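The values are calculated or read from the model by the stated rules, or taken from the named source; none is laboratory data. Computed from a prediction, not measured in an experiment: that's the story for all the values here. No Cβ is skipped: glycine too gets one built from the backbone with ideal geometry, and neighbour counts run over all protein chains shown.
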Amino acid sequence: MSTEINLDRRWLLSTAAMYMAVSKLGFAENAMALLLSQAKLPVEGDLPSFNGVTTWLNSQPLTTAGLRGKVVLVNFWTYTCINSLRALPYVRAWAEKYKDQGLVVIGVQAPEFSFEKNIDNIRWAISAMKIDYPVAVDNDHAVWSAFNNEAWPAVYFADARGRIRHHQFGEGDYERSERILQQMLVEAGVRGLERQLVSIEPRGLEAAANWNSLRSPETYTGNELTAGFASPGGEHANKSRTYKYPNRLDLNHWALQGDWTVGKEAVALNAAGGRIAYRFHARDLHLVMGPAVRGTSVSFRVLIDGHPPGTSHGSDVDEQGNGTVTEQRLYQLIRQPEPVADRSFEIEFLGSGVEAFDFTFG
């Protein structure tokens, strides 16, 4: 035991000395690459089977045996999750940059809501999001369970011998993830690997959150997981009911107005003119919603502090707050400029037959 500790201390000291020496010459990126190239990545276990995949998109079925000799990145995501969408530009860029060096990227679409199991919805999403690497549709969460996964997004890195060497839950830490990916490719025998990191300028939904001003949590509308519901009388599960706004809406509380049915996953609008209000504090406000019948559409209008959003409009509405629900997906309704403050959001639907599932912020 003492010998292992001494060896580890010597490795740490020598690696740190090399990092400092190269850094002093002004080559910080090379120093980081050198530091990571000396790191000993742990073996976290074997790459689990992909048995149980509902269907494969952009690829024939893949197996762990068939992936031997390749470095594999497995990305668990779901297409309405804002956290997944903000990580997606990096996964796409890695897939493109390293595909000729032996990297295989697999996106595991593991649904959160029932409509995310619809293959047509998933096909639409991967086309809209320009995903051309293999996507494993994991409707029964069989692959999720095999990996003992815990979050959206999550990335797992497996080496050419089929061993998981690193994983990352949630957004961020992209530089470290790519450096580890590079190290595993070098271990697999890749020579002359380009060490410069991918350059990403995410836009729209994929832009990183403004974490310094984010004070509103994800909020589900369905009665199974909802919090902060403020309409008088509370929610009445699975019953058509006319709801009203309260006299006052506190921060991170929301309310319904009009004829709605509150279900397990979502609130469903029964008559035109229904509204949802939310008092929030964040740069961005998103709402997962869609027409109750696929292929139909519902127009809506958004207000912020009682007025059209103007320059605070999101990518799915115009400056007057007008938009249309056409697919079952995440819609960006507000992206406000600085300074970010407590604001009152309202959406009014001009027709019936829409379902709203989940508020997220950024």
Over segment 180-217, the set of residues among the acidic types (Asp, Glu) and more than 30 Å from Thr360 (Cα to Cα) is Glu187, Glu194
Next on the checklist: Against the definition (under 17 Å from Leu214 (Cβ atoms) and surrounded by fewer than 20 Cβ atoms within 10 Å (Cβ to Cβ)), how does Ala282 come out, yes or no?
Outcome noted: no
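When segment 200-228 is examined, which residues are found to be among the acidic types (Asp, Glu) and under 14 Å from Leu287 (Cβ atoms)?
Matches in segment 200-228: Glu218 only.
Looking at the structure I just gave you, is Val340 assigned to a loop (DSSP other than H, G, I, E, B), in the same structural domain as Ala268 (by TED's automatic domain parsing), aliphatic (A, V, I, L, M) and buried (at least 22 other Cβ atoms within 10 Å of the Cβ)?
Working: assigned to a loop (DSSP other than H, G, I, E, B): yes; in the same structural domain as Ala268 (by TED's automatic domain parsing): yes; aliphatic (A, V, I, L, M): yes; buried (at least 22 other Cβ atoms within 10 Å of the Cβ): no.
Judged against the criteria, Val340 is not a match.
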Of Asn247, Asn210, the only residue that is surrounded by 13 or more Cβ atoms within 10 Å (Cβ to Cβ) and on the phi < 0 side of the Ramachandran plot is Asn210
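Please work out which residue is surrounded by the fewest Cβ atoms within 10 Å (Cβ to Cβ), limiting yourself to segment 97-115 and to residues that are farther than 25 Å from Val186 by Cβ and in contact with a helix residue (DSSP H, G or I) (Cβ under 7 Å, 6 or more places away or on another chain).
Of segment 97-115, the ones farther than 25 Å from Val186 by Cβ are 108-115.
Still in the running and in contact with a helix residue (DSSP H, G or I) (Cβ under 7 Å, 6 or more places away or on another chain): 108-111, 115.
Working: Val108: 26, Gln109: 28, Ala110: 26, Pro111: 23, Phe115: 20.
My answer is Phe115.
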The strands (runs of 3 or more DSSP E) lying entirely within segment 92-190 that contain at least 2 residues which are among the basic types (Lys, Arg) and either closer than 19 Å to Leu47 by Cα or at pLDDT 95 or above (or both) are 163-169
